[in-house]
């Protein structure tokens, strides 16, 4: 069995947020009787796949836009 090589706290993430966002997180935690950390973890589990999907859609749109732009440029050159 391999010895554990992780340092203590290596999995921790510190993020600065606004007071308003912190208040909303704390209200959610109080409302559903959970810790703020549990709320943040749940939001990240939900939000990461959403962010990946949005980023992938943006990338696809940019690639298609560039391809359309190249086609239009070729057509313009042929017409000249």
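The values are calculated or read from the model by the stated rules, or taken from the named source; none is laboratory data. Computed from a prediction, not measured in an experiment: that's the story for all the values here. Every residue, glycine as well, gets a Cβ built from its backbone with ideal geometry; the counts of neighbours run over all protein chains shown.
List the pairs whose first member sits in the range 52-65 and is modelled with pLDDT of 95 or more, whose second member is surrounded by 10 or more Cβ atoms within 10 Å (Cβ to Cβ) and not in a helix (DSSP H, G or I), and whose Cβ atoms are under 6 Å apart, counting only residues at least 6 apart or on separate chains?
Cβ pairs passing all conditions: none.
Look at residue 20 and say whether it is part of a helix (DSSP H, G or I), surrounded by 10 or more Cβ atoms within 10 Å (Cβ to Cβ) and modelled with pLDDT of 95 or more. Even if it seems obvious, please write down each step before you answer.
Numbers: part of a helix (DSSP H, G or I): yes; surrounded by 10 or more Cβ atoms within 10 Å (Cβ to Cβ): no; modelled with pLDDT of 95 or more: yes.
So residue 20 fails the test.
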